[in-house]
Amino acid sequence: MLKAEFETDDAAKPVLRHLLAQPGGPYPLASFHYGRILLGEGDAQGLRYLEEAAASDRTLIEAAATQGHGFLLRTRDERAAQQWLEGMLPVAA
């Protein structure tokens, strides 16, 4: 997690990927950072990791929703972004 917070995304990505492959999860903070990195690279698979993070740790819902919404606004359109955001809201309930 320190790599994700204090080093480059390139340094953190393989460490996070390795952690997420380990038994004993979920690892919501690792999922959040890995998803954020993937979205930064233009990889929509990051949305899945943000969803996992939010489902496992309610404190990450707002940050995950913001990251995913922004990504979809940049890469798709407002409707897709809003639909994804609304899909995140039941996680908060």
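Laboratory data are not the source of any read-out in this text; all were calculated from the coordinates shown. From a predicted model like this one, the values you see are computed outputs, not experimental measurements. In this analysis, Cβ positions are derived from the backbone assuming ideal geometry, glycine residues included, and neighbour counts consider all displayed protein chains.
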Can we say A64 is within 20 Å of L89 (Cβ to Cβ) and of a type in the set (G, A, S)?
yes
Just need a number here: residues in region 49-68 that are surrounded by fewer than 17 Cβ atoms within 10 Å (Cβ to Cβ) and closer than 18 Å to I37 by Cα.
3
